[in-house]
Amino acid sequence: MHYSNWLIGVKNRASIRNACKTPPNMDRNKRGPLNVDMQNNNPQPNDKTRDLTATTHLWRKGYKTIKKIGEGTFSDVLKTQSLKDGKFYACKTMKQTINSLEQANNLREVQAMKRLSPHANIIQLHELIFDKETGTVSLICELMEMNIYEFIQGRQTPLPDTTVKNYLYQLCKSLEHMHSCGIFHRDVKPENILIKQNGLKLGDFGSCRSVYSKPPHTEYISTRWYRAPECLLTDGYYGLKMDMWSAGCVFFEIMSLSPLFPGTNELDQVAKIHDVLGTPDLSILQKSRAIHFNFPPKKGSGISRLVPHCPPPALSLLYQMLAYDPDERITAETALRHTYFRETR
């Protein structure tokens, strides 16, 4: 298939997907669609009603609402304080209504957090609160200071390499733990990576899947800028290596303070990847079950030109995390043994 025809095909597929469901919300910085939870089909109350409901049911369970600190497509995040011990927590309140406590405990996100905890680099679930009257579910989690996006936003000078290395090592630790537990995240991005002083923890497991689930998976998943090529070019044939691509994009962003592939849509996303990495060999596309087409051959500009201050070991790891072929892409376990982390281990 010629490239131009393929682009039309992608446009058509994207249009069909968008017509079949409510368009995901875009955040104010246009960083791509937020999490999409395909389980949510119930009509939702307005914001004021939902906020009042959350505040009321949390108070009954012993938590005082301090302020809203985040909002996603299908959940709000509140800063709360326990009336029992005075400690502060992050409370993720679902906009989706749930019919029973059993159904709440069976939510994919809840199951994942229970399975992955305790771990130093995974957000800890402290308590699940279910309000039977309203069907509201709230996840009480440990409170962190900020996310990676907030940390680098507005910075004018690059972070010290020791800081970059420390955070990336902990991110790889979180992914190694997830993957070894049979789960992949599917939405690794700066907003879902939380920090507190020198510590880093991965959060928001609403999009995760079992590594043993058979493809095709949901096509429209993960935030666009951090979406791996196999997620863009196939009808859902991807696996856990997509997390490593996303982590590579985050790695670059922490170093450069700018996103690596800020595509404005799916077509532009593919183009931006090829601008840097070049077009892939046809054998890679065939192996990955990509839609049949021919890209005009193009040599990419390379990553090193974009981060001239990047140490050689860091650049080596970055290229391995951003390998176009997922079979050639480094695993989290192998990444932790990379020479870049020699002084960190």
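The values are calculated or read from the model by the stated rules, or taken from the named source; none is laboratory data. Everything numeric here is computed off the predicted structure, so don't read it as measured data. Cβ: placed from backbone, ideal geometry, glycine included. Neighbour counts: every protein chain shown.
Remarks
- Filtered residues of the stretch 248-260 (kept if out of contact with any Ser or Thr (no Cβ under 9 Å at 6 or more places or on another chain) and either in a helix (DSSP H, G or I) or basic (Lys, Arg) (or both)): 248, 249, 250, 251, 253, 255, 256
- Residue in the stretch 176-195 that is surrounded by fewer than 17 Cβ atoms within 10 Å (Cβ to Cβ), over 24 Å from residue 341 (Cα atoms) and outside the structural domain of residue 98 (by TED's automatic domain parsing) present: yes
- Residue within the stretch 137-151 that is assigned by TED's automatic domain parsing to the domain that holds residue 197 and over 29 Å from residue 65 (Cβ atoms) present: no
- Selected residue [farther than 22 Å from residue 177 by Cβ and either at pLDDT 95 or above or of a type outside the set (Gly, Ala, Ser) (or both)] from 335, 290, 314: 314
- Of the helices (runs of 4 or more DSSP H) contained entirely in the stretch 69-169, not one carries at least 1 residues that are within 17 Å of residue 196 (Cβ to Cβ) and more than 23 Å from the chain's Cα centre (by Cα).
- Take the conditions (1) within 20 Å of residue 110 (Cα to Cα); (2) of a type in the set (Ser, Thr, Tyr); (3) surrounded by fewer than 20 Cβ atoms within 10 Å (Cβ to Cβ); residue 149 misses just one of them, which is (1).
- First in the stretch 256-274 and more than 27 Å from residue 163 (Cβ to Cβ), second anywhere and of a type in the set (Val, Ile, Thr), Cβ under 9 Å, 6 or more apart: 263/270; 263/273; 266/10; 267/10; 270/10
- Per-region count, the stretch 293-328, residues in contact with a Lys or Arg (Cβ under 8 Å, 6 or more places away or on another chain) and among the basic types (Lys, Arg): 0
- Sole exception among (1) at pLDDT 95 or above; (2) surrounded by fewer than 21 Cβ atoms within 10 Å (Cβ to Cβ) for residue 132, by number: (1)
- Test: residue 226 is surrounded by fewer than 21 Cβ atoms within 10 Å (Cβ to Cβ) and either under 21 Å from residue 151 (Cβ atoms) or modelled with pLDDT under 95 (or both): no
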